1. Are there any pairs, at least 6 apart or on different chains, whose C-beta atoms fall under 6 Å, with the first in region B:82-101 and surrounded by 20 or more Cβ atoms within 10 Å (Cβ to Cβ) and the second at pLDDT below 95 and acidic (D, E), and if so, which?
2. Out of region A:73-98, which residues are modelled with pLDDT under 90 and of a type in the set (V, I, T)?
3. Check whether at least one residue in region A:43-57 is over 19 Å from A:G174 (Cα atoms), surrounded by 19 or more Cβ atoms within 10 Å (Cβ to Cβ) and at pLDDT 85 or above, and report yes or no.
4. If I filter region B:106-142 down to residues being surrounded by fewer than 19 Cβ atoms within 10 Å (Cβ to Cβ) and of a type in the set (F, W, Y), which single residue comes out as farthest from the chain's Cα centre (by Cα)?
5. Return the residue satisfying two criteria in turn: it lies in region B:142-173 and is closer than 18 Å to B:A101 by Cβ and in contact with a Phe, Trp or Tyr (Cβ under 8 Å, 6 or more places away or on another chain), and of such residues it is farthest from the other protein chains (Cβ to nearest Cβ).
6. Of all helices (runs of 4 or more DSSP H) completely enclosed by region A:101-216, which ones contain at least 3 residues that are within 13 Å of chain B (Cβ to nearest Cβ) and touching a Phe, Trp or Tyr at 6+ places or on another chain (Cβ under 6 Å)?
7. Got a sec? Which of B:M94, B:M107, B:M122 is more than 11 Å from every other protein chain (Cβ to nearest Cβ) and either more than 28 Å from B:V232 (Cα to Cα) or among the polar types (S, T, N, Q) (or both)?
8. With the requirement that a residue be of a type outside the set (A, V, I, L, M) and surrounded by 12 or more Cβ atoms within 10 Å (Cβ to Cβ), what does region A:9-25 give you?
Amino acid sequence: MSVFFAQLRRDLLIAIRDRSEAANPIAFFLLAVLLLGLGLGRDAGTLGPGAIWVLALFANVLAAEGLFRRDHEDGTLEQMLVRARPLFPAVLGKLAAHWLLAGLPLAALSPLAVFFLHGSMAGATPLCGTLLLGTPILAALSAIGAALTVGTGRGGMLLAILVMPLYVPVLVFGVGAAKAADGAAFAQLMLAAMLVAALTTAPFAVGKALSISQEY
Amino acid sequence: MGLGSWAKRAFHRTGSPRWFFAGSRRWMIGLYTLGIALILVGSIWGLGFVPPERYQGDSFRILFVHVPAASLAQTMYIAIAVAGLVYLVWRMKMAEMLIAAAAPIGMAVTAAALATGIIWGMPTWGKGWVWDARTVSTLVLLLLFFGLQALRQAIAHPERAALAVSLLAVVGVVNIPIIKYSVEWFTTLHQPPSIEIGKRPTIASVYLWPLAVNALGYYCFVAGVVIAALRVRIVEREANAEWLRSWLAKQER
């Protein structure tokens, strides 16, 4: 447990001391909302929660690229792999910090995005709730991709290609849960189930991927 | 010799590139022959001798290709994921070579499943592409195959690339249940599955038999192609091995 909190504290401290990088996903999200609003004009009001979910998903992939890069470059990652055994709590700590910086703000800003896009404000609360449930899953999945690509020198596109197919169920259930329709309750439960599954299993995959990337 | 020790020996033997290379030639030729024969029988039967379907007319006949391709696409991804797990756990060289050999073939099969599905959908659903759970899942499967290839090419170190691809394949297999159960999750345009293990098929037996023959034929044929690709991998990978050199020298003589 102490490893978890130590990792969480360290990553949050780094983010606080280098605010500009931490703010990037939020700025990207707002920028994407702006472009969507401008591109669609009056039609933007007809967009459902799906549009904002997709934007949050893109912001998440972009944010994930930096998850391990700095640690890899300055050797911290190798130290973590050497010292933190089992890796699970350390990886979970990194994920928690990443989510607090790049997931939670997106969920919190989603009502604002609905407002900008002239969506119905009645749908803002369920959208925010499903994003709160869904963004940790996205963070856990993208961390696997980030760990696999960390040493390759090819981030961005490759990471998106690897990770985005895995986002499909999250997107489907997230949008289903945010809509006020039949099956929303079921989709919410499925989202919650996927959250539990992702948090309990993905750190193992991330740890394995990190070991592979640093082994040779 | 008990069954257990026989299975263990077979497992170890298949894991040796040398033994596999020597033994697989017969398998390859056998699977090719059987596959082509079954596909010929199934296709001539299905295309020429089966009555037209009541609602879809003759356009349903593409399903004799589409269904085997779609089924193969999933099976191949699962096989790759199993091989990935085997490689991650036991570091078995053959498992890694199997992934490298099967991934591009799986990608082609998935593309064929999508293409035939679109061709079938145009007259039957009135549009080639619908955002239906199964079409989307197959497209996702294609992208997963693509991701395996992209990741392999991005990592310069071959062994690390193999490990990373194996892990990605294992992680990606979470997508397969979604393909399977998506039909129950959403009730969309796609018809519910007609053939399920343990249930009576809802497809008329006139159509089921040629379909089964064709599906078996495609499975055999693609297995033969995978073995051929695997043999090429072995030659590439073991180019400096003594046994391969002496085998090649024997071929030349």
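1. So the pair list comes out as B:Y87/B:E96.
2. Within region A:73-98, A:T76, A:V82 qualify.
3. Of all residues in region A:43-57, those over 19 Å from A:G174 (Cα atoms) come to A:43-45.
Next, from what is left, pick out any that are surrounded by 19 or more Cβ atoms within 10 Å (Cβ to Cβ): none.
The answer is no; no qualifying residue exists.
4. B:W125
5. Top of the filtered list is B:A169.
6. Working: elements: A:104-116, A:124-149, A:156-178, A:184-214.
The helices (runs of 4 or more DSSP H) meeting that bar are A:184-214.
7. Details: B:M94 fails: either more than 28 Å from B:V232 (Cα to Cα) or among the polar types (S, T, N, Q) (or both); B:M107 fails: either more than 28 Å from B:V232 (Cα to Cα) or among the polar types (S, T, N, Q) (or both).
Answer to the selection: B:M122.
8. A:R9, A:R10, A:D11, A:E21, A:N24, A:P25
The values are calculated or read from the model by the stated rules, or taken from the named source; none is laboratory data. Quick caveat: nothing in here was measured; it's all calculated off a predicted structure. FYI the Cβ positions are ideal-geometry reconstructions off the backbone, even for glycines, and counts take in every protein chain you see.
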